[in-house]
Amino acid sequence: MKKDLLKMADLSASEIYEILDLAAKLKYETRHGIKHHILEGQSLGMIFQKSSTRTRVSFETGIYQLGGQALFLSPRDLQIGRGEPLEDTARVLSRYLSGIMIRTFAQQEVEDLAKYCSIPIINGLTDYCHPCQILADLLTIREFKGGFDGLKMCYIGDGNNMANSLIVGGLTVGMGVAIACPNAYQPDPQVLAFAEKYPGKFLMTEDVHEAAAGADVLFTDVWASMGQEEEAAERRKVFTGYQINQSVLDVAHKDVMVQHCLPAHRGEEITADVFEAHANEIFEEAENRLHAQKAVMVKLMAK
């Protein structure tokens, strides 16, 4: 039976740890020049309804390092952009490819693709969730903090796909999770229902400093994501104050680390001085997209 990665809730704690352990191994081997052509002869189709820097480059590089090849597929390249039913495209691509990564808007599109494909589907991002990013984030936290036990994660900003996936991922591995966001921009109701299963481990508030108090890891994301450009001006008004700055660091743990999925808008969701002071952690996080996704591809696509 094929396996997919459609959202963080698809993964148990043990499965997350397996992916992180393999990612750490592959990262070490890559840095030491050890080749691992585990997916030799396999092809990964990459469907992009949303453009990307990190997702495209990391998946394309990752499948190459694993001995396979990537095919970049935009809506302009596929008949799906001209009205072919998704289920027909899915069944055709299943006969050509070994797996598909899709980066799109609607979560339902990813779910439907998985339903009709006989090959593994990897969610490279939707408006609902961003599982590959969160696996990279967890890998980075473990590298810098040594584990997850007793740690508090705090996310400040829009209750978007990053917030949704951080809540699920953080709680699943045993971290405490605090979210600071405006009341009208809360995470998805399904995710909040998931968090209710972890009493005492989850806090949602409009107060940034309450959420950040004692935090070991601080997260943020842009105030206006791709597809929300027309809302950018209004969002800048709403999210003023939902920023990682020195006053937030002052109430967090003295050894707090800062993470940002990038791209970053310095002066909005994070100040330039805080970003640069924690740039090593942030760009290690960005590199870890490569290693976490290689581990996901191996887990799902290896024969």
- Item | Lone qualifier among A193, A184, A224 - being assigned by TED's automatic domain parsing to the domain that holds D158, of a type in the set (A, V, I, L, M) and touching a helix residue (DSSP H, G or I) at 6+ places or on another chain (Cβ under 6 Å) | A224
- Task: Within segment 1-37, track down each residue that is assigned to a loop (DSSP other than H, G, I, E, B) and farther than 25 Å from A90 by Cβ.
- Result: S12, H32, G33, I34, K35, H36, H37
- Task: Return only the number of the condition from (1) touching a residue at least 60 places away in the same chain (Cβ under 8 Å); (2) farther than 20 Å from A302 by Cα; (3) surrounded by fewer than 20 Cβ atoms within 10 Å (Cβ to Cβ); (4) touching a Lys or Arg at 6+ places or on another chain (Cβ under 8 Å) that S118 does not satisfy.
- Result: (2)
- Name the residue, out of D127, D77, D88, D158, that is touching an Asp or Glu at 6+ places or on another chain (Cβ under 9 Å) and of a type in the set (D, E). D158
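Residue-by-condition table, conditions (1) of a type in the set (A, V, I, L, M, F, W, C); (2) at pLDDT 95 or above:
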{"residue": "S43", "(1), (2)": "no, yes"}
{"residue": "K50", "(1), (2)": "no, no"}
{"residue": "V57", "(1), (2)": "yes, yes"}
{"residue": "Q69", "(1), (2)": "no, yes"}
{"residue": "R82", "(1), (2)": "no, no"}
{"residue": "A90", "(1), (2)": "yes, no"}
- Item | Set D137, D88: member being crowded, with 24+ Cβ neighbours inside 10 Å and of a type in the set (D, E, K, R) | D137
- Message: With the requirement that a residue be part of a loop (DSSP other than H, G, I, E, B), modelled with pLDDT of 95 or more and surrounded by fewer than 16 Cβ atoms within 10 Å (Cβ to Cβ), what does segment 271-303 give you?
- Response: A302
- Could you say which residue among I179, I167, I134, I156 is under 21 Å from M297 (Cα atoms) and not charged (D, E, K, R)? I134
- Task: Test V274 against the criterion of being touching an Asp or Glu at 6+ places or on another chain (Cβ under 7 Å) and more than 30 Å from I34 (Cα to Cα), and give yes or no.
- Result: no
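The values are calculated or read from the model by the stated rules, or taken from the named source; none is laboratory data. These numbers were taken from a predicted model, which means no experiment stands behind them. Positions of Cβ are generated from backbone atoms using ideal geometry, with glycine treated the same way; all protein chains shown enter the neighbour counts.
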